[in-house]
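Every number in this text was worked out from the coordinates using simple rules, so none of it is lab data. Treat the numbers as computed from the prediction; the structure is a model and nothing was measured. A quick note on method: Cβ atoms are made from the backbone with ideal geometry, for glycine too, and the neighbour counts reach across all protein chains shown.
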Amino acid sequence: MSIPSKTLSPVQQDALKEIFNIGSGNAATTLSEVVHQRVLVSVPQIKISTVEEALSSLVKPDLPVVCLVNIFVGDISGCTLWLMPGETALAFAQECWHKMPRAKNEAEFHFGHIHLEISSVLTESYLNTLGDMLELTSIPSPPLMLSGPMQKVMGRILNEYARFGDILAYVQNRFRFPGETGTTSGYFMMLPDAASLQRIMTAMKVDGA
């Protein structure tokens, strides 16, 4: 594969979708056990674009969001993002707090603790899948929480990421949580740096596809 090429061959697309589909399925199963409710997950979207293209594709740039960022390093490096609209993030965390065993032992509700744990669970599930299937081991950092308008938050993260190259490669999943008052959605993104994407492709034997 040629990075920073802005295209992936059909074989590369299918290979990435297959492994990240397994990762997202594992993440949904683990997350369901953590938050004690049903979790649905979309088919992963694989995209390569510039920072400007990624930011211009945001549906609601002014929407307030809460975003957790995990940096990971090792055989592959990059970051993951767990993002939820601010208007639902608090209510969702409160609902989870009443269901999560560890949270029940805490004397007070901690909004950040809930989303920090969700972000960590998702990140570790994806990295564990890559480790189990491709023998690529990475260690995540503790999550960093950001909040504000989506364009500002994503711009800060993606522009920092762009230090490693002009082209972004990312996997995106939508996680849905059906509840009594409706369905809440959050978004998970995994952004390996260019060298790491190359290693993933090489390990999957599709780097020359």
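Per-structure values
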item: Full-stretch length increase - LEU63, SER9 - with 0.36 nm per residue and alpha-carbon distance subtracted; result: 16.1 nm
item: Residue order, fewest to most beta carbons within 10 Å, for THR183, THR80; result: THR183, THR80
item: Cross-link table LYS17/LYS60; LYS47/LYS152; LYS47/LYS99, entries beyond 32 Å C-alpha to C-alpha; result: LYS47/LYS99
item: Formal net charge of residues neighbouring THR137 (Cβ-Cβ distance under 15 Å; K, R +1; D, E -1); result: -3
item: Approximate shape of the range 15-75 as ellipsoid semi-axes (Cα gyration tensor, √5λ), whole Å, largest first; result: 24, 18, 14
item: Value at 222 nm in deg cm²/dmol, rounded to 500, when DSSP H runs of n ≥ 4 in the chain each add -39,500 (n - 2.57); result: -14500 deg cm²/dmol
item: Rel. contact order, % - alpha carbon contacts under 8 angstrom, at least six apart, the range 23-141; result: 34
item: Taking N as its residue count, the alpha carbon Rg of the chain over 2.2 N^0.38 Å; result: 1.00
item: Among ILE157, GLY131, ILE76 the positive-end extreme of the charge dipole of the chain (Cβ point charges); result: ILE157
item: Extension gain from SER49 to LEU144, taking 0.36 nm per residue of separation minus the Cα-Cα distance; result: 31.8 nm
item: Rel. contact order, % - alpha carbon contacts under 8 angstrom, at least six apart, the chain; result: 35
item: Extension reserve of the LEU40-HIS110 stretch, reckoned as 0.36 nm per residue once the Cα distance is removed; result: 22.7 nm
item: Cα shape, the range 127-209, gyration tensor, a/c 1.5 rule; result: oblate
